Structure formats: C-alpha cells, structure tokens
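What follows is a single structure, written as structure tokens, with notes after it.
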Amino acid sequence: MNHDPKTFFIRTYGCQMNELDSEIMVGQLEGRGLKRTFDEDAADLLIYNTCSIRDLAERKVMGKLGQLGRTQKRKRIIGVTGCMAMAKKESLFRKLPHIDFVLGTNNISDLSEVLNDVIITGKQSIRTDNTFEENLDYLVAKKESKVSAYVSIIRGCDKYCTYCVVPYTRGKEVSRPPDDIEKEVRKLAAEGFKEITLLGQNVNSYGKDTPETQCLFHDLLYRLDKIEGIERIRFLTSHPIDITLELMQAIRDLPSVCEFVHFPIQAGSNRILKKMHRIYTKQQYFEKVAMLKELVPHASLGTDIIVGFPTETEEEFIETMDVFRKIPYSVAFLYTYSARKGTPAMRFKDDVPQEVKDDRHSRLFELHKEQAAQERAAMLGQTIEVLFEKKNRNGQLKGRTRCWKKVIIDGPDSFIGTLQQVKLHSFNHETLLGQVAEVAAGV
Ligand code: SAH
Ligand code: SF4
Ligand code: F3S
C-alpha cells in the first residue's frame, strides 16, 4: 500500500502531442483533488512524460530517472508516461526498479485507475495498448495559456518513415470525430481562446480512417473557421504527400486559417528520401510548394531536416542545402540522424561519422540563420498583425504573427489575448521588435 498522494509534479519532454497529453493528465489529477507543484522535491507523485524520438531525448530521461532512484529519501509514487513508456514497456521496471507505473500514449485515460492500483496494491502497474481508443476526455485538459490552445485531431501515424519511432510509440492513425473537435473548439472560444493549433503527426490524413464522417482535413477547417471568437487556426504537421489542392484553397479562403505550413522535406536527395520511405521525390515536393505559392503567395513554410542519414554522401547533403536556397524556410528544425531500435533504418549501417553529421548540421544551420535574418530584415518597417499571448521575463509582451514569427513589444497587459497592428523596427536573433501602430478597438 502506498500513501495517497496530495501533490504532483509533471515534466514534459518531446513534442506538442506530449504537451497536450500532459495538460490532460494535469486536468485529471486536479480533478481528483491533487495539487500541482513545480517543486520536484516536494511532490508526492512524480510523472515524467517522455520522448523517444532521438537517442539523446531518451538518455536525458533515463539519466534523470536513474538519479531519482539514487537520491530518493522518502517513498514517492513515480510514473513514466509518453513515447518511451511505449518504446521500452516492462523493461523500464528492470532498469528503474524504483518506478511505480508505466502508462503508454494510448492509455492516458487510465491514469486514475493505474494510480489507484499503485496506491492500493503497492505494486508496479503498466498499461501500454498499441492502439488508441477514442475515449479520452479532452475537455478536462488544463491549458497553460489562456490565448492559444492545442487541439488533437488525429493520433498515431501510418507512414512508417524508416528512421522514426512514432508509428510504434503512438500506434496507427485514429481520427477524432469532427463533432467532438468542434465541441471542444466552441468551448475554447467561449473561454476566450483566440488561437487553436490542430495537432496530429500528419494532420492531412485526418478523416481517411473514418470515411463515414465524410470529413477530411480541409472539411474540418471549413467547420472550425465558422466558430466565432477563434481568430487563428494553425495545424501541425503536414506530410508533403498528403497536402491537397483543397487544403491549399482552404488556407487561401478561410480567414482564420494561418498562412504558415510546416511541411517537412527531411532531405534533398531522392535516393535518401526513398531510403527514408518518405514516398515523394524532391520534384513532387517542389511541385506542391509551387502550387501553394501560386494560391497563397505570402504563405511561409517550415521544415524538419535529418542530416547524416545512413549512406548520405557530401553531394547528397549539398542537395539538401540547395533546397534551402530554392525555398528560404521561415522555420527549420535541423536534426542529426539518430538510430532508433525497432525502426527499419536500424538495418542500415549508421555509417556517417558523428563529426560529419555535426559538420553538416552546423553548415545547414548557418545557412538557415542567414536566410532567416534576411527574411526578418526585409520585414522591418512593415506593419503586421500580432496576437499577444503573454509577458516575457522582462515584462515585455510576446506574440506571434500569422506566419508564426515571434514579436516583442512594450505594452500594457490588456493587450494579452488581443490582435494588434505592430510596426516592426528591428530584430534580435529570431525575435522581431516593434511598437503598436494603432490600438485596436475595445482594449
Ligand atoms: N510527423 C512529423 C514529425 C514527427 S518527429 C513529420 O513527419 O514531419 C519530428 C522530427 O524529428 C521529424 O520530422 C524528423 O525530422 C525528426 N526525427 C524523427 N526521427 C528521427 C531520428 N531517428 N533521428 C533524427 N531525427 C529524427
Ligand atoms: Fe515519423 Fe514519418 Fe510518421 Fe512523421 S510521418 S511521425 S516522421 S513516421
Ligand atoms: Fe517524441 Fe513521441 Fe513526440 S517520440 S517527438 S514525444 S510523438
């Protein structure tokens, strides 16, 4: 038997899906009367919502959890949730005998039951279902922000890129019913949220597994755009193969849908793309970008890149650099390849030496930095719409443009949650600085 915990601490690693899952867990725990603390040492229950995407991500958590076992002075309940729970399952109990429960990404709704098991029996408990069942109460999620909220629309991934653990840690694609999504967004709008970000590993697959709803991703956007109060709709992530003309038209035509598409190419060489099982060629990717630019000329693009994929040559890496010269991305997340157990790419020899991976990473990073600075310099003097979300540590207001650029101004708290026209005068690394050009009515 364990003591009934009164307080909990939760740490989130990884992507926005994990952030949202943590918000849901916080909501569930607060719903059963536990109080959240940000002091790890003081909490009776500790939850680590983990990520497995790269080796470093896992090592960080394993290091943290190992240390916890060595330094723990009093008995506390420790739970491991998220993608590492799925990747390592029972083996976590062998490596970390002091943890009490393992809860997979498809079992978030079982948190309370698992906690009861652990409290009553005093024994370790594990739930790691392979597929997600649509039984999660998203409405309990405790949002950190009051302005911008994540909304899950599809879980899992069926793409099986050869390097990626996600299809194994999150299971197959399961779309959420459109009525549920609409209900949640209406509730968020009524609570005063101004922006939503629709989440899925591949939002463009939305609705394909549920033909009976007759609601594909663009149809969903048309439904959500009608909801009054929601000024901006964003979405993450778009697999290039599934971006359709209808989606591009929705971006063009729907006032609330932002003109920013995170559209990862991953690599610039067709041979590497094939080995990655990305199922498009560079030419097909460029065609989609050209189509988008034709329909929405001011759209900006984001990408993810993996450098040093097995067998990637210098020439093939240069092809990735060339993609950046053709498409100056506004946002780019650059990674060095990390071999993941259980993925098809484990069969390939991880033969690009770490120094070469690091060198390619820094060359691409420099190119992107230069391009991003040029893009920002070209924006100076412009007046642009910014949604203010919160204050930063220096008491300044932080917000974003429709195309996801960070903007900071000096201004009153009453601007939080409002759209303002901001004249940009300078920039500092990735952040644009400006001042309000005219104050919107009602502030
Ligand atoms: N579903 C999204 C991305 C999910 S993971 C998509 O397909 O675009 C986020 C990013 O992590 C990926 O886009 C990829 O660039 C990177 N990534 C995934 N597995 C990786 C690995 N084994 N090594 C290095 N980077 C990886
Ligand atoms: Fe991973 Fe590919 Fe699925 Fe993205 S689309 S989550 S990279 S398998
Ligand atoms: Fe990591 Fe899982 Fe997200 S592996 S990046 S937390 S889907």
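For the stretch 51-63, a residue qualifies if it is touching a residue at least 40 places away in the same chain (Cβ under 8 Å) and surrounded by 14 or more Cβ atoms within 10 Å (Cβ to Cβ), and the qualifying residues are SER52, ILE53, ARG54, ALA57, LYS60, VAL61. Run LEU334 past the list (1) within 11 Å of ligand 1 (Cβ to nearest atom); (2) touching a Pro at 6+ places or on another chain (Cβ under 9 Å); (3) open to solvent by 10 Å² or more (accessible area, probe 1.4 Å) and report the number of the one that doesn't hold. Just one mismatch for LEU334, condition (2). Just one of the listed residues (TYR168, TYR160) is open to solvent by 30 Å² or more (accessible area, probe 1.4 Å), at negative phi and within 16 Å of ligand 1 (Cβ to nearest atom), namely TYR168. Annotation note: of LYS146, LYS142, the sole residue that is surrounded by fewer than 18 Cβ atoms within 10 Å (Cβ to Cβ), touching a residue at least 40 places away in the same chain (Cβ under 8 Å) and in contact with a helix residue (DSSP H, G or I) (Cβ under 6 Å, 6 or more places away or on another chain) is LYS142.
Against the list (1) under 30 Å from LEU433 (Cβ atoms); (2) crowded, with 18+ Cβ neighbours inside 10 Å, the condition ASP304 fails is (2).
How about the stretch 306-328: which of its residues are outside any helix (DSSP H, G or I) and within 14 Å of ligand 1 (Cβ to nearest atom)? Answer for the stretch 306-328, where residues must be outside any helix (DSSP H, G or I) and within 14 Å of ligand 1 (Cβ to nearest atom): ILE306, VAL307, GLY308, PHE309, PRO310, GLU312.
Of the strands (runs of 3 or more DSSP E) contained entirely in the stretch 363-443, those carrying at least 1 residues that are under 21 Å from HIS262 (Cα atoms) fall at 383-391, 397-401, 406-409, 431-438. Being crowded, with 20+ Cβ neighbours inside 10 Å and in a strand (DSSP E or B) is a property that does not hold for ILE272. The residues of the stretch 125-155 that are within 16 Å of ligand 1 (Cβ to nearest atom), at pLDDT 95 or above and in a loop (DSSP other than H, G, I, E, B) amount to a single one, ILE153.
If the condition is being in contact with a helix residue (DSSP H, G or I) (Cβ under 6 Å, 6 or more places away or on another chain) and within 16 Å of ligand 3 (Cβ to nearest atom), then the stretch 85-112 contributes MET86, ALA87, VAL102, LEU103, GLY104, THR105, ILE108. Taken together, ILE227, ILE154 contain a single residue that is within 15 Å of ligand 2 (Cβ to nearest atom), out of contact with any Leu (no Cβ under 7 Å at 6 or more places or on another chain) and open to solvent by less than 10 Å² (accessible area, probe 1.4 Å), which is ILE154. Cβ-Cβ distances below 8 Å connect the following pairs, each with a first residue in the stretch 329-341 that is within 11 Å of SER300 (Cβ to Cβ) and part of a loop (DSSP other than H, G, I, E, B), a second residue that is more than 15 Å from ligand 3 (Cβ to nearest atom) and of a type in the set (Asp, Glu), and a separation of six or more residues or different chains: SER330/GLU375. Checked against the criteria, ARG32 does not count as within 16 Å of ligand 2 (Cβ to nearest atom), touching a residue at least 12 places away in the same chain (Cβ under 8 Å) and open to solvent by 60 Å² or more (accessible area, probe 1.4 Å). Set side by side, the residues ARG360, ARG400 differ, and just one is within 16 Å of ligand 1 (Cβ to nearest atom), surrounded by 15 or more Cβ atoms within 10 Å (Cβ to Cβ) and at pLDDT 95 or above, which is ARG360.
When the stretch 196-214 is limited to residues that are open to solvent by less than 10 Å² (accessible area, probe 1.4 Å) and more than 16 Å from ligand 1 (Cβ to nearest atom), the one that is farthest from the chain's Cα centre (by Cα) turns out to be GLY207. When THR197 is tested against the conditions (1) within 16 Å of ligand 3 (Cβ to nearest atom); (2) under 17 Å from GLY156 (Cβ atoms), the lone failure is (2).
The values are calculated or read from the model by the stated rules, or taken from the named source; none is laboratory data. Given the structure is predicted, the values throughout are model-derived calculations rather than measurements. Using ideal geometry, Cβ is built from the backbone for each residue, glycine included, and neighbour counts are taken over all protein chains shown. The area values use the complete protein model at the heavy-atom level, side chains included, leaving out ligands, DNA and RNA. Shrake-Rupley method; radii C 1.70, N 1.55, O 1.52, S 1.80 Å.
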